[in-house]
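S.K.: Below you'll find the structure I mean.
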Amino acid sequence: MLKVLKFGGSSLADADQFRKVAAIINAEPERRYVVASAPGKRFFEDEKVTDLLLRCHALAEERNPFEDTFQRISERFNGIIADLGLTLSIEKELEIVKSAIADGASSDYVASRGEYFNSMILANFLGIPFLDAEECIYFTAEGKLDSKKTNTVLENRLAMLPRAVIPGFYGVLPNGEIKTFSRGGSDITGSIVAEATDADLYENWTDVSGMLMADPRIIENPAPIDIITYRELRELSYMGATVLHEDAVFPVRRSGIPINIRNTNAPADQGTMIVPHTEDQSTDRLITGIAGKKGFTAIFIEKDMMNAELGYGRRVLETLERRGVRFEHLPSGIDTITVVVNSKELEGKKDLIVADLQRNVHPDTIRIHENLAMVAVVGRGMIRKPGVAARVFNALAKAKVNIRMIDQGSSELNIIVGIEEKDHLTALKAIYEEFKPKE
Ligand code: ASP
């Protein structure tokens, strides 16, 4: 049994958090590989070390003094070291980074130093080896993760290290320069390490006890999600429910490794399990989660006998493609097709596209409906169960929410309804009330 653990910034924000993290790691011998983030916020108005580093970089670029900001970073790391009673000294290395910033080091390099120092301190505190991501996480010259090389090198390096701490968030380009993932990217490193070591479980430790059925800023006290499949997670994260970096799913999903979202501040909570397969994950809940997102535009196209016309849908999509517009949903009827796009994609192109469509597909009518919100009701529990859609529509009707569009994915895993943006909150509340687990 082998577990890879990733600790987020709030889990490693100060010495007390480091102690909690060490207790978690030491509680199970199979918790062997640890990926660490940079120190995050200790309190609401606090700043993340990554943000401070990026500010240093921005200041230096404008030839403004950055020493005070850098001093705050040094103090955070030195404070953790002193508070943990470690003999480690990072003074010299901090000086090197400071000079590099003054000499115009890249923002990726500067941003990565938060993970670098924090992981070095954690490794020292745990008394286990530190493996620099620079030596095992590879990017291609185009800046994409080089999975093949990364996997091979990581596998070989870790075969010789029964335990290790690896900094998250960055790796190295073929020219030797440091490159980071996008923000929150330590989740991806954790997933990569889990894949390379063929781990049984990827534990992602953060400051919440897993995922909730709905956004707690909208729904009061939503029920927690115990188990969710990768597919369901994808549907919910697309709609804005965030627990993990979107790209973190791919490496572990490929290898069928489950992710367990856990809370460093409440380690007894079991958190949320994200598992590969729908089939063997039965559930007594019809709905796993509900999420919604604003900012969509629907293009409704109507034409008599559309169904009998060869290539109609293709010509519609091709028209959009030529203008560089991606589509999100595509519900259709016999004589109608609706293309739902992210409104941003249409900026400055709406009239052009309508004209193109008139010319290319000769619709009887074409209407554009802006300011739509999409609400996704997601759940493997609804597959082959009748009546779920009816309950969604009823709940919305009772709440006087007008449905502009309906789309059910072919996986039967979700029902997506398009509504007016102004009804967004009302809709989410109504659907949650309808499906919330009964106590
Ligand atoms: N420290 C980086 C950030 O703040 C990466 C991470 O925490 O995953 O985005």
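Taken together, the values in this text are just the output of simple stated rules run on the coordinates, not laboratory data. All values reported here derive from a predicted model rather than from experimental measurement. Cβ: placed from backbone, ideal geometry, glycine included. Neighbour counts: every protein chain shown.
S.K.: I'd like the per residue volume of the convex hull spanned by the Cα atoms of region 27-112, given in cubic angstrom.
M.R.: Numbers: hull volume 11.1 nm³, N = 86.
Cα-based convex hull of region 27-112, divided per residue, equals 129 Å³.
S.K.: Going by C-beta contacts inside 10 Å, put D103, D16, D108 in order with the fewest on the left. Could the numbers behind the result be given before it?
M.R.: Details: D103 8, D16 12, D108 19.
Least crowded to most crowded, the residues run D103, D16, D108.
S.K.: Can you compute log10 of I(q)/I(0) for region 162-245 with the Debye formula, treating each Cα as one identical point scatterer, at q = 0.12, 0.25, 0.26 Å⁻¹?
M.R.: Listed by q, the Debye log ratios stand at -0.48, -1.36, -1.40.
S.K.: Take the residue pairs K48/K144; K6/K48; K293/K344; K149/K179 and return only those whose Cα atoms are more than 20 Å apart.
M.R.: Details: K48/K144 26 Å; K6/K48 17 Å; K293/K344 13 Å; K149/K179 15 Å.
With Cα atoms farther than 20 Å apart: K48/K144.
S.K.: Among L233, L310, L244, determine the one that fluctuates most according to a GNM of the chain built with springs between C-alpha atoms less than 10 Å apart.
M.R.: Highest fluctuation among the options: L310.
S.K.: Between S182 and E155, what length in nm is gained on full extension when 0.36 nm per residue of separation is reduced by their alpha carbon distance?
M.R.: Values: separation 27, 0.36 × 27 = 9.72 nm, distance 2.40 nm.
Contour length minus Cα-Cα distance gives 7.3 nm.
S.K.: For the chain, modelled as a Gaussian network with Cα springs under 10 Å, which listed residue fluctuates most, R254, R42, R322?
M.R.: Evaluated over the chain, the most mobile residue of the options is R322.
S.K.: What nm distance separates the two modelled labels at K385 and R234, each placed 7 Å from Cα along Cα→Cβ?
M.R.: The modelled label-to-label distance comes out at 2.2 nm.
S.K.: Once amide H atoms are placed 1.01 Å from N in the peptide plane, what residues at a sequence separation of 5 or more from D146, or on another chain, have their amide H within under 5 Å of its amide H?
M.R.: Those lying under 5 Å, H to H, from D146 are Y138, F139, T140.
S.K.: Counting only DSSP beta bridges with both residues in the chain, what percent are antiparallel, rounded to the nearest 5? Intermediate results must be reported in sequence, preceding the final value.
M.R.: Details: 40 of 64 bridges.
Percent antiparallel among DSSP bridges in the chain is about 60.
S.K.: Over the chain, what relative contact order in percent results from Cα pairs under 8 Å that are six or more residues apart? Don't jump to the answer; show the numbers that get you there.
M.R.: Working: 855 pairs, mean separation 57.9, N = 439.
Averaging sequence separation for qualifying contacts and normalising by length gives 13 percent for the chain.
S.K.: I've got another one for you. Per-residue ellipticity at 222 nm for the chain, helices alone: DSSP H runs ≥ 4 residues times -39500 (n - 2.57), over residue total, nearest 500 deg cm²/dmol?
M.R.: Working: 14 runs with 163 residues, N = 439.
My calculation for the chain gives -11500 deg cm²/dmol from helical runs alone.
S.K.: Once the Cα atoms of helix 186-196 and of the chain are each reduced to a long axis, what angle between those two axes, in degrees from 0 to 90 to the nearest 10, is obtained?
M.R.: The angle comes out near 80 degrees.
S.K.: Using Cα centres only, tell me the gap between region 142-207 and region 282-317 in whole Å.
M.R.: After rounding, the separation between the Cα centres reads 37 Å.
S.K.: Just the Cα atoms of region 289-414, one point each, no solvent: what log10 I(q)/I(0) does Debye give at q = 0.09 Å⁻¹?
M.R.: Relative scattering, expressed as log10 I(q)/I(0), comes to -0.29.
S.K.: Ok, one more. Tell me which of G313, G379, V325 sits at the most positive position along the dipole axis of region 303-439, charges placed on C-beta atoms (Lys, Arg +1; Asp, Glu -1).
M.R.: G379
S.K.: Say the dipole of region 137-227 comes from +1 at the beta carbon of Lys and Arg and -1 at that of Asp and Glu; which of G184, L201, P222 then lies farthest toward its positive end?
M.R.: G184
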